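Report on one structure; see the data block that follows.
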Amino acid sequence: MAEFILVLTTCPDETAACRIARDLIEAGLAACVSRQAVHSTYRWQGVVRDEPEVLLIVKTLAMRFPDLELRLKSIHPYEVPEIVALPVTAGSEDYLSWVRSAVAP
């Protein structure tokens, strides 16, 4: 298993995205959370929707994923939030060392 992961989640707007990002950082569950405006097309409850969202890219340690997932589910405004983890297979050792030191064990 990879030591480092990127966790993706989308939010309905910048206000929610900022609140969630700050919460994850303050809780020690992430070293950094980047926010990016996106436009999503998806099916929800039988209806195809096409809406603006804010994508969060969460940089963290794989060992923190269970706690991060629980936290996201408890603070996220969506009924079923996107929570997808991707392994980091390589990266700058200086950056990865910083991630390791910034995420609370």
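Residues considered: ILE20, ILE25. Of these, the only one that is within 21 Å of VAL103 (Cα to Cα), β-branched (Val, Ile, Thr) and more than 10 Å from the chain's Cα centre (by Cα) is ILE25. The test for being over 11 Å from CYS11 (Cα atoms), at pLDDT 95 or above and among the aliphatic types (A, V, I, L, M) holds for VAL58. If you filter the stretch 70-97 down to residues that are in contact (Cβ under 8 Å) with a residue 24 or more places away in the chain and assigned to a helix (DSSP H, G or I), you find that the one that is nearest to ARG19 (Cα to Cα) is ILE75.
Touching a helix residue (DSSP H, G or I) at 6+ places or on another chain (Cβ under 8 Å), closer than 24 Å to ASP67 by Cβ, touching a residue at least 40 places away in the same chain (Cβ under 8 Å) and not β-branched (Val, Ile, Thr): is that true of LEU8 in this structure? So LEU8 does not fit the description; no. So GLU26 passes all but one of these: (1) closer than 21 Å to PRO105 by Cβ; (2) surrounded by 12 or more Cβ atoms within 10 Å (Cβ to Cβ); (3) acidic (Asp, Glu). Which condition number does it fail? Status for GLU26: all satisfied but (2).
The values are calculated or read from the model by the stated rules, or taken from the named source; none is laboratory data. On a predicted model such as this, the values are computed, not experimentally measured, just so you know. So basically every Cβ, Gly included, is an ideal-geometry build from the backbone, and we count neighbours across all protein chains shown.
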